[in-house]
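The values are calculated or read from the model by the stated rules, or taken from the named source; none is laboratory data. Keep in mind the model is a prediction, meaning the values are calculated, not measured. Counting neighbours? That spans all protein chains shown, and the Cβs are built from the backbone with ideal geometry, glycine included. Remember, those area values only see protein heavy atoms, side chains included, never the ligands or the DNA or RNA. Shrake-Rupley method; radii C 1.70, N 1.55, O 1.52, S 1.80 Å.
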Amino acid sequence: LFGVPPGAPNGPSIYVDDPGVISGGFRVSSFRAIRVFGANFLMKDLYCYSNDNPWQGIANSVLSQETAVDLGAGSDGSAIVNCTFEYHFGHCIRHNSASAADLLIAYCTFRNCANGLNIANGLRSVQICNLLERCNGIESGNDYVTVAYNTLIDSSGIAMGGTTSPPANTGHFCHHNLIVRPLSSGIVVTNVEDTRIEDNVIMDVSAGHG
């Protein structure tokens, strides 16, 4: 019934069948397909997809969303590499619980998803060489975060920091990212100190885009 979509990469795959309900055109639930609470978890070369097809757009305002991969407290040193996420109703990868350190998200593809890549509390996290197309963008928080060499197309942009009360995040480095036709602001930095934003390209910011 839920076959792998045409054009999917070869290799292992997982289908996320979220039991949530549709609210406002989007699926609302606290469903987690993969939850990680141990250190040094490695997920590589996996195709992970759901059934938001045809794509219904971005739903970042929905607070309770499905999550394909939830990096929980204690997931220090975990890495997700060369994975593809498509047609998800919520987050593809999320970490916003208690702080975890040294998280790596690299060479992954995110396409046609309601939300995107949210590492909101990852100390020294690195998000590098990822492709995000038609999905919510990259959100990062905590200290000494690197967001670099990512490509975002027809998606929300990059949000760094995000804390609304002291102490501020520190030491963020956002460089060499390409953002094409952003659906909101290209790069947003909130309550972050000692941060470098360098050599990013934001292009085709036309009517209807941020």
Going through region 64-87 in order, the residues found to be open to solvent by less than 10 Å² (accessible area, probe 1.4 Å) and not in a loop (DSSP other than H, G, I, E, B) are 67, 68, 69, 71, 80, 85
Residues (of a type in the set (Gly, Ala, Ser) and buried (at least 24 other Cβ atoms within 10 Å of the Cβ)) located in region 101-116:
114, 116
If you check residue 98 against the conditions, is it out of contact with any His (no Cβ under 9 Å at 6 or more places or on another chain) and either crowded, with 24+ Cβ neighbours inside 10 Å or farther than 19 Å from residue 14 by Cα (or both)?
yes
Just checking, which of 199, 194 is at pLDDT below 95 and acidic (Asp, Glu)?
194
Taking region 129-142 as the search range and keeping residues that are without any contact (Cβ under 8 Å) to a residue 24 or more places away in the chain and surrounded by fewer than 24 Cβ atoms within 10 Å (Cβ to Cβ), which one is nearest to the chain's Cα centre (by Cα)?
131
Reported set for region 181-197 where residues are part of a strand (DSSP E or B) and over 13 Å from residue 171 (Cβ atoms) is 187, 188, 190
Being of a type in the set (Val, Ile, Thr), modelled with pLDDT under 95 and either open to solvent by 50 Å² or more (accessible area, probe 1.4 Å) or on the phi < 0 side of the Ramachandran plot (or both): is that true of residue 188 here?
yes
Restricting to region 160-180, and then to whatever is in a loop (DSSP other than H, G, I, E, B) and buried (at least 19 other Cβ atoms within 10 Å of the Cβ), can you tell me which residue is modelled with the lowest pLDDT?
162
